[in-house]
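Report on the following structure.
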Amino acid sequence: MRGVKVLVVGSGGREHALAWKLSQSPQLEALHCAPGNPGMASLGNCHPVRADDAEGLLALAGALETDLVVVGPEAPLVAGLADHLRRAGIAVFGPGGDAARIEGSKTFAKEVMAAAGVRATPTLPIARPPCVIKADGLAAGKGAFVCRTKEEVDNAIARASELGESLVIEELVDAQEVSIFALCDGREVVPLPAAQDYKRVGDGDTGPNTGGMGCYSPFPGVSERVGELVEAIHRPVVTELARRGTPFVGALYAGVFLTDDGPLVFEFNCRFGDPETQVILPRIDGDLLPALAAAAGGALTGVSLAESDDAAVTVAMAAGSYPERGDAGAPIDGVEEAESAGTVVFHAGTALREGRLVTNGGRILNVTGLGNSIAEARDKAYAGVERIHFEGCRYRTDIALGVAEGAHVG
Ligand code: GLY
């Protein structure tokens with residue numbers, strides 16, 4: 001059988017993790033990335049085409065005779081990149097623009113959930129504390145504001161309005177959060193390992209929301225019943241989207257509160273999580289490539305991916321001014337030392353300048369440790385973090401701490 005030529009679209013830690021896992025597939029013939037990053041360049045060929053350049057990606061996929069395009073980030077999906085490629089006959093792992101609205105509009109997601117009978121965080125008619133204020137559209141994880149005081153409400157309305165979208169006001173729910181993923185082929189759903197993300201920038205869940213400062217998997221007590229959760233949450237939504245003529249093909253990501261009354265969905269995303277992917281994929285024992293190809297081809301029936309017994313913890317090393325701003329050009333040292341110490345280092349916001357690895361973004365690196373337990377994986381991840389240096393680096397010191405000690409935080 002001829003091998004598979006894959007093009008991974010994107011340049012962050014999630015895309016590096018996807019490229020890393022796909023590069024292990026015996027079915028892979030060629031791995032290409034657009035635009036990729038220095039970490040991805042060590043696994044495949046990087047091409048200078050941006051993720052938002054649909055015409056450029058179509059031309060690239062054609063020139064490379066790509067069998068499968070895997071789209072990492074949400075913005076090109078919401079903008080219709082997958083439709084553009086599919087219309088040209090190219091197989092894509094990633095939803096079309098209409099289905100990607102499940103992430104592109106919180107109002108649309110709520111409407112779909114209501115039709116599908118999936119419990120969503122209740123919407124409030126007016127912004128009064130306590131509540132959560134969200135920008136309706138895409139905001140790179142920075143469009144949700146937890147408000148416990150009138151002052152926080154005023155500030156959140158101003159900040160969320162700056163994002164140029166209408167606002168959604170929700171009840172403030174005090175419960176554990178978990179990220180639950182399924183591969184979808186438009187009809188069928190295949191569960192992936194669950195993870196818990198740490199969204200706030202500072203230790204002890206302080207400071208503003210970010211794209212995610214760290215993650216761990218498995219999530220004790222949830223991972224054992226992830227199939228059941230996917231049946232209750234993802235399957236009815238995928239069925240509803242198919243009923244509307246907008247089938248969802250790709251990774252469907254539900255952000256779920258675990259309440260005493262059962263799971264409550266606070267968001268859907270139309271792609272793999274970042275940094276969840278950096279702990280989920282190292283915990284998949286099987287071959288990801290045929291599973292993604294099957295999803296893209298509408299053939300997921302009978303496919304399953306085995307979850308390893310290992311635990312994984314990833315720590316995001318970010319620019320000092322993240323999430324307000326990123327950083328560019330600061331030399332990064334110690335990545336090879338961290339890898340020699342047994343961690344997997346995923347590049348998130350890096351570049352090569354005159355052969356030197358430098359910072360180039362908000363979240364710079366994700367350092368993933370694997371072990372027999374979350375405590376062991378955590379120790380490994382932080383052993384890697386301690387070997388890496390760049391000016392202004394910030395990271396949380398409490399990723400997976402509670403769960404490693406037997407209590408949940410996050
Ligand atoms: N980790 C949150 C996200 O990917 O949106």
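The values are calculated or read from the model by the stated rules, or taken from the named source; none is laboratory data. The shown structure was predicted, so the numbers you read here are calculated from the model rather than taken from an experiment. Neighbour counts run over all protein chains shown; Cβ positions are idealised from the backbone, glycine included.
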Subset tally (residues that are within 16 Å of the ligand (Cβ to nearest atom) and closer than 18 Å to PHE219 by Cβ) for the range 235-263: 7
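Would you mind finding the one in VAL226, VAL230, VAL173 that is in contact with an Asp or Glu (Cβ under 9 Å, 6 or more places away or on another chain) and of a type outside the set (Lys, Arg)? First the steps, then the outcome.
Details: VAL230 fails: in contact with an Asp or Glu (Cβ under 9 Å, 6 or more places away or on another chain); VAL173 fails: in contact with an Asp or Glu (Cβ under 9 Å, 6 or more places away or on another chain).
None of the other options fit; the residue is VAL226.
Please find, within the range 158-201, the residue that is nearest to LEU68 (Cα to Cα) out of those that are among the polar types (S, T, N, Q) and within 16 Å of the ligand (Cβ to nearest atom). Talk me through it step by step, then tell me what you get.
Step one: filter the range 158-201 for residues among the polar types (S, T, N, Q), giving 161, 166, 176, 179, 196.
Subset that is within 16 Å of the ligand (Cβ to nearest atom): 176, 179, 196.
Values: GLN176: 36, SER179: 26, GLN196: 29 Å.
Only one residue tops the list, namely SER179.
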Selected residue (criterion: farthest from THR123 (Cα to Cα)) from residues of the range 169-210 that are acidic (Asp, Glu) and in a strand (DSSP E or B): ASP185
Pairs with Cβ under 8 Å, 6+ apart, first in the range 183-211 and on the phi > 0 side of the Ramachandran plot, second away from the ligand (no atom under 16 Å from the Cβ) and among the small types (Gly, Ala, Ser): GLY186/ALA242; GLY186/GLY298
Matching residues, the range 264-303, being free of Cβ contacts under 8 Å to residues at least 60 places away in the same chain and within 16 Å of the ligand (Cβ to nearest atom): none
Check on PRO263, more than 18 Å from SER304 (Cα to Cα), modelled with pLDDT of 95 or more, surrounded by fewer than 24 Cβ atoms within 10 Å (Cβ to Cβ) and in contact with a Leu (Cβ under 7 Å, 6 or more places away or on another chain): yes
Subset of the range 297-352 (residues that are in contact with a helix residue (DSSP H, G or I) (Cβ under 9 Å, 6 or more places away or on another chain) and among the polar types (S, T, N, Q)): THR301, SER304, SER308, THR314, SER340, THR343, THR350
In the range 232-254, the residues that are surrounded by fewer than 23 Cβ atoms within 10 Å (Cβ to Cβ) and under 27 Å from LEU68 (Cβ atoms): ARG235, THR239, GLU240, ALA242, ARG243, ARG244, GLY245, THR246, PRO247
